[in-house]
Amino acid sequence: MGGLELLAVVVFFLIGYWAVDFFWPKKNSDGAPWHEVLGVAPDATLEQIRKAYEEKSAQFHPDRVAGIGPEFRDTAIRLTRRINDAYEEAVRTRS
């Protein structure tokens, strides 16, 4: 296999990897789809998604529970990451 053929294989592998990563439905680390995490319908509008994201983010923001204890802060950080991931996925699929 020549250098050009090897380059073509690598390029097509990267394109295929990107396509699968982009189009394959993602789930959060716990397996829940984005619409369940945000508490909206799967066909929700961007405005509904944004509103749900803002409400959930405010509810579970780590600064709100910082004074309660470290275990609550760790849980809030985990939930905030989960909400952020769900929002990013929702925006990416709706755009």
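Taking P62 and the conditions (1) open to solvent by less than 60 Å² (accessible area, probe 1.4 Å); (2) at pLDDT 90 or above, which numbered condition does it fall short on, given that it satisfies the others?
All conditions pass for P62, except number (2).
Picking from I83, I68, which residue would you name as being open to solvent by 60 Å² or more (accessible area, probe 1.4 Å) and either in contact (Cβ under 8 Å) with a residue 24 or more places away in the chain or in a loop (DSSP other than H, G, I, E, B) (or both)?
Working: I83 fails: open to solvent by 60 Å² or more (accessible area, probe 1.4 Å).
Sole residue among the options that is open to solvent by 60 Å² or more (accessible area, probe 1.4 Å) and either in contact (Cβ under 8 Å) with a residue 24 or more places away in the chain or in a loop (DSSP other than H, G, I, E, B) (or both): I68.
Residue under question is I83, and the condition is that it be of a type in the set (A, V, I, L, M) and over 15 Å from A32 (Cα atoms); does it hold?
no
The values are calculated or read from the model by the stated rules, or taken from the named source; none is laboratory data. The model shown is predicted, which means the values in this text are computed figures rather than measured ones. Please note: Cβ atoms are built from the backbone with ideal geometry, for glycine as well, and neighbour counts cover all protein chains shown. These accessible areas exclude ligands, DNA and RNA; they are computed on the full protein's heavy atoms, side chains included. Shrake-Rupley method; radii C 1.70, N 1.55, O 1.52, S 1.80 Å.
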